[in-house]
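The values are calculated or read from the model by the stated rules, or taken from the named source; none is laboratory data. No experiment lies behind these values; they were computed from the predicted model shown. Cβ placement follows ideal geometry from the backbone for every residue including glycine, while neighbour counts extend to all protein chains displayed. Each accessible area value is taken on the protein alone, full model and side chains, heavy atoms only, with ligands, DNA and RNA left out. Shrake-Rupley method; radii C 1.70, N 1.55, O 1.52, S 1.80 Å.
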Amino acid sequence: MSDKIAYSRHGDIAVLSVRNPPVNALSQAVRQGLWDGMDRAEAETGVRAVLIVGEGRAFFAGADITEFGKPPLDPFLPDLINRIEASPLLVVASMHGVSLGGGLEVALGCHYRIAVPSARVGLPEVHLGLLPGAGGTQRLPRLTGVEAALDVMTTGRQIGAAQAHKIGIIDVVQDGDPTQNGIAYAEKLVAEDALRRPVSEMPLPTPIDWDAAFDATLTRSKGQISPAWCVRAVQAAYDGDFAAGLKAERQIFFDLMQTDQRKGMIHAFFSERAVGNLPELKGVEPRSIAHVGVIGGGTMGAGIATAALLAGLRVHLLEMTPKAGEAAHGRIAGNLAGALKRGKINADQHSAMLDQALQVVTEYDALSDADLVIEAVFEEMAVKKAVFAELDRVCKPGAILASNTSYLDINEIAASTSRPGDVLGLHFFSPAHVMKLLEVVVADQTAPDVAATGFALGKALGKIPVRAGVCDGFIGNRILSTYRTCADHMILDGASPFEIDAALEAFGFAMGPFAVADLAGLDIGWAGRKRKRAEGLDPRARDVTYADKLCEAGHFGQKTGKGYYDYADGPKARVPNPDVLPLIEAERAAQGITPRTFTVDEITRRYMAAMVNEAAKVVGEGIARRPLDVDMTLLFGYGFPRYRGGPLKWADIDGLAGLLSDIEGYAETDPYFWAPAPLLCQLVADGQTFDDVNKKG
Ligand code: 3HC
Ligand code: NAI
C-alpha cells in the first residue's frame, strides 16, 4: 500500500490514517492508498467498519492542485469516493483542521461524519475557477437542502463544525483526538448495528428556480463564471439518476478546467503563497517586534495603528498636538468599533486594545523602547527627514525605522539617518487595517534582517507582503501612474472617463480608475502632477490639465461630494458630474485635438497594454523581483480581478507577441509614452512568457 496511508486494526474497526503533509492533499498516491486500504479492509476477516482520518494539520485540503492542467491520473477522485460509498462496510470520516473541496467530498462519500469543534469545512473550488468535481454538487444538497448547499459552494467560504452540524453536514461534534474519537464513534455505530447510509441514495430536496439562481449568482460574482455553474450542476441532479448527475458535474468541471479563469485563479493561489518566499530571505532571521511606534495619526497612521493593535502589538502613536492626537485616537476607536461590530474581536479584546495597548503621545521620547516605528506624516521630503532625524535620536539601537511614503525616495530618507541599514519602506494601502497589500520597499542599504522583519510583520498583520525596490511609486503606484496616464490620453483623444470606467469594470475591476480616483481623493493625484511639473516634464510627454481644473474648483471626489462623479445621493449612487465633459472638451480644443470614438475593446486593450508594458519595465529593472510580485500587487492593492490572475498572467494568456505588436502600433503616434519594455521585447524574441521568468525564481 502507498506510504501515504497507514493501515491499522482496532478490533473490528480498520483505520486508514492519511499522511501527506503539509495538508493531506488528495494526490494520486493518496487516492491509490485509500483505494487499496478499502480493498484490504473488505478482504480481512472481522472488519465491520472503516475509519478515514487525517494525520497532522487537516483531514484533507482537497484535490492536489499541482496535478491540475496535467493529464488526470488513475484512480480518479469521483471513482474513489463512489467506491468508498459503495463499500459493504460502514465507513466513518473523523475530521479535524480543514476538510476542503475533494476533502469534504470524501467525507460526504462516507456513511457517517464526526468532527472536533475546531474543524472547518468548505467547497472552495470556485476560488480556483472550478466547482466541486467529485460529487459535491450532487451529495451536499441531499444533506443540507439546495439553498445551504449553493451558499457553501458558490461562496467557497469555510464554515465551522457547529454550523456544519446544524445544516446537516456533520453528524457529531466532539472534542478530543480525531483518531480516538473516530474509533469510539465507529464502535458505537457497529454496536448499534447502524445501517450504511450512502448520501447518493438520499432523496433530493425541493428544487428552486434555477434560472433565477443562475442569474443572481452570475451578477454577484462580477464576471467570474464558476459560481453560477455550481447552480447548473446542482440542477443536473434533477434531470436523471445519481450517476447522470455525477456525469453532468464532471463535464462542467472539465469544461471549467479549460478556461482562462481557472488558469488565472490557480496562478493567484500559488503566487499568493510564493510572494513571501524570496530566495534572498531564506534563512534570514527577522528581528522580534512587539512594540510599534506610528508617527502621524491621519488616514494611514490610524489604519496602520489599528492593524498593529488587531495583531496583538503594543502601539505608541505620535501626533503633532494633543488635539491632533485626540482626532487620531477617535479614528482608531472608530476602526476598532467596526472590528468589534463585525465580530473580529470581542468586547474584552476591544477594550484591552483601546485602553491598554494603545497610547497616543506628542513626545518622541515615548518611542525610545519601540522595536519598529512607521512614519505616516505628510508626503513631503522635508517633513519626513525631520521626523527621521528625531527617530534617529531617540530610538534604541536595532529599532527598525520605516516610511509609509507613497512615492518618495527611501534611499534619501535613509541617508538622512545615522543607521540606513535599519531603514525601509512599509507601504500600506488605504484603509490600512483592511487592505491586504503591503509593499516592503528594500532600499540600497536596508539590512537583510530588516527586510525579513518587514515580511514577518506583514504576515503577522495578515497582509500579503510584496518586495519592491526604490523608484517613483515603487511597484504599484508606478504602474498605476502609467495606466492612468494612458486613460487620460484616451480622454484627450475622445473617450470619456465614464466610458473608460464602464469598460474596465466590465473587464472585472472592482471600480474603474476614475471612480477609484474619486474614492482616494483627487487632491492626491493633483499634488503628484504639480510635483512632477515642478521637477520638469519631459518635453515629449503629453500634459493633461483638465483634472487640475476640477481640483481648482474644489472637487476632490467623494470627500467633497463631487469629482468625476456626483455623490449627492451617497457614495454608491454615483452619477457623472456634468462639469467634467466641458472641461475635457475645452482642453481638447486648446490642444487642437479632433476627438474620435473608442470602442470598449479598444479602451481595455490600450489600458492593459500600458499596464503590462510598465509592469515589464518594473520587472526588467528589478524593482519587482518576479512577474508574480507585480501580479499580486495589482490583485491585492488595486482591485485587479483575481480570476484573471494579475496583469502579467493576463498578458501570458492573451499572447505577448500580439500585445507587443499593438504597443508598437500605438508607439507610431506617441513613441515616448509607448516605448516597449525591453523585457517584453526579449520574451517575444525568445518565445517565452512571464511565467517562464517566474519559474527561474
Ligand atoms: N493541493 C496542493 N497543495 C496544496 C493544497 C492543495 N489542495 N492546499 C495547500 N497546498 C500547499 C500550499 O501550496 C502550501 O505549499 P508551500 O508550503 O509549498 O507554499 C502548503 O500546502 C501549505 O498551505 P498554506 O501555506 O496555504 O497553509 P495554510 O495553513 O495557510 O492554509 C489551507 C491551509 C486552508 C488548506 C489552504 O492551503 C487552502 O485553502 N488550500 C486550498 C484548498 C482548496 O482549494 N481545495 C480544493 C481543491 S480543488 C478540489 O478539491 C477539486 C475537487 O472538487 C475535485
Ligand atoms: P493625512 O494628512 O491624513 O495624515 C497625516 C498626519 O500626519 C496628520 O494627522 C498630521 O497631523 C500628522 N503629521 C504631520 N506631520 C507630523 C509630524 N511632524 N509629526 C507627527 N505627526 C505629523 O495623510 P495620509 O493620507 O494618512 O498620508 C500619510 C502618508 O501615507 C503620506 O506619506 C502618504 O503619501 C502615504 N500614503 C497615503 C495613502 C492614502 O491613500 N492616503 C496610501 C498609502 C500611503
Inset, instruction - Could you please let me know if Ile374 is surrounded by 13 or more Cβ atoms within 10 Å (Cβ to Cβ) and either part of a strand (DSSP E or B) or among the polar types (S, T, N, Q) (or both)? - result: yes
Legend entry - Residue pairs meeting the criteria (Cβ under 7 Å; at least 6 apart or on separate chains; first more than 23 Å from Leu461 (Cβ to Cβ), in segment 261-286; second among the hydroxyl-bearing types (Ser, Thr, Tyr) and away from ligand 1 (no atom under 14 Å from the Cβ)): Gln261/Tyr643; Gly264/Tyr643; Met265/Tyr643
Inset, instruction - Considering every residue within segment 457-465, establish whether at least one is closer than 28 Å to Lys532 by Cβ, charged (D, E, K, R) and modelled with pLDDT of 95 or more. - result: no
Legend entry - Test for Thr321: is it hydroxyl-bearing (Ser, Thr, Tyr), more than 24 Å from Ile400 (Cα to Cα) and in contact (Cβ under 8 Å) with a residue 24 or more places away in the chain: yes
Legend entry - In segment 295-325, the residues that are open to solvent by 60 Å² or more (accessible area, probe 1.4 Å), within 20 Å of Glu363 (Cβ to Cβ) and either more than 11 Å from ligand 2 (Cβ to nearest atom) or touching a helix residue (DSSP H, G or I) at 6+ places or on another chain (Cβ under 9 Å) (or both): Arg314, Pro322
Legend entry - Restricting segment 398-455 to residues that are in contact with a Leu (Cβ under 7 Å, 6 or more places away or on another chain) and small (Gly, Ala, Ser), the residue that is surrounded by the fewest Cβ atoms within 10 Å (Cβ to Cβ): Ala452
Inset, instruction - Starting from segment 422-436, keep only residues that are more than 8 Å from ligand 2 (Cβ to nearest atom), then list their pairs with residues that are among the polar types (S, T, N, Q) and assigned to a loop (DSSP other than H, G, I, E, B) whose Cβ atoms are within a distance under 7 Å, requiring at least 6 positions of separation or different chains. - result: Val423/Thr417; Val423/Thr446; Leu424/Thr446; Gly425/Thr405; Leu426/Asn404
Inset, instruction - Please state which one of Lys323, Lys247 is of a type outside the set (Ser, Thr, Tyr) and within 15 Å of ligand 1 (Cβ to nearest atom). - result: Lys247
Legend entry - Scan of segment 665-690 for residues that are over 27 Å from Arg540 (Cα atoms) and either in contact with a strand residue (DSSP E or B) (Cβ under 6 Å, 6 or more places away or on another chain) or among the small types (Gly, Ala, Ser) (or both), ordered by number: Ala685, Gly687
Legend entry - Hits in segment 276-294 (condition: modelled with pLDDT of 95 or more and touching a Pro at 6+ places or on another chain (Cβ under 7 Å)): Val284
Inset, instruction - Output the qualifying pairs, or none if there are none: Cβ atoms under 8 angstrom, residues six or more apart or on different chains, first residue in segment 99-115 and assigned by TED's automatic domain parsing to the domain that holds Leu77 and open to solvent by 10 Å² or more (accessible area, probe 1.4 Å), second residue hydroxyl-bearing (Ser, Thr, Tyr) and away from ligand 1 (no atom under 12 Å from the Cβ). - result: Tyr112/Tyr185
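With respect to Glu587, is the statement that it is touching a residue at least 40 places away in the same chain (Cβ under 8 Å), more than 27 Å from the chain's Cα centre (by Cα) and assigned to a helix (DSSP H, G or I) true? Even if it seems obvious, please write down each step before you answer.
Numbers: touching a residue at least 40 places away in the same chain (Cβ under 8 Å): yes; more than 27 Å from the chain's Cα centre (by Cα): yes; assigned to a helix (DSSP H, G or I): yes.
Yes.
Residues to consider are Pro71, Pro88, Pro132; find the one that is free of Cβ contacts under 8 Å to residues at least 60 places away in the same chain, on the phi < 0 side of the Ramachandran plot and not in a helix (DSSP H, G or I).
Values: Pro88 fails: free of Cβ contacts under 8 Å to residues at least 60 places away in the same chain; Pro132 fails: free of Cβ contacts under 8 Å to residues at least 60 places away in the same chain.
Matching residue, one of Pro71, Pro88, Pro132: Pro71.
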Inset, instruction - Being farther than 22 Å from Gly245 by Cα, in a helix (DSSP H, G or I) and free of Cβ contacts under 8 Å to residues at least 60 places away in the same chain is the filter; apply it to segment 187-219 and report the residue that is least open to solvent (accessible area, probe 1.4 Å). - result: Ala216
Inset, instruction - Look through segment 531-556, keep the residues that are among the charged types (D, E, K, R) and under 15 Å from Gln591 (Cα atoms), and return whichever of them is most open to solvent (accessible area, probe 1.4 Å). - result: Arg540
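Based on this model, can you work out whether Ala328 counts as in contact with a Gly (Cβ under 8 Å, 6 or more places away or on another chain), open to solvent by less than 20 Å² (accessible area, probe 1.4 Å), aliphatic (A, V, I, L, M) and in a loop (DSSP other than H, G, I, E, B)?
no
Enumerate the helices (runs of 4 or more DSSP H) found wholly within segment 593-697, keeping only those where 3 or more residues are of a type in the set (Val, Ile, Thr) and over 15 Å from Gly476 (Cβ atoms). Reasoning before the result, please.
On the way: elements: 600-620, 627-637, 647-654, 656-667, 678-686, 690-696.
Correct list: 600-620.
Being more than 16 Å from ligand 1 (Cβ to nearest atom) and either open to solvent by less than 20 Å² (accessible area, probe 1.4 Å) or free of Cβ contacts under 8 Å to residues at least 12 places away in the same chain (or both) narrows it down to one of Gln359, Gln349, so name that one.
Gln349
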Legend entry - Enumeration of residues in segment 35-47 that are touching a strand residue (DSSP E or B) at 6+ places or on another chain (Cβ under 6 Å) and under 13 Å from Asp3 (Cα atoms): Gly37
Inset, instruction - Among residues belonging to segment 117-158 that are away from ligand 1 (no atom under 13 Å from the Cβ) and open to solvent by less than 10 Å² (accessible area, probe 1.4 Å), point out the one that is nearest to Arg262 (Cα to Cα). - result: Ala149
Legend entry - Complete set of residues in segment 243-289 that are open to solvent by 60 Å² or more (accessible area, probe 1.4 Å) and small (Gly, Ala, Ser): Ala243, Gly283, Ser288
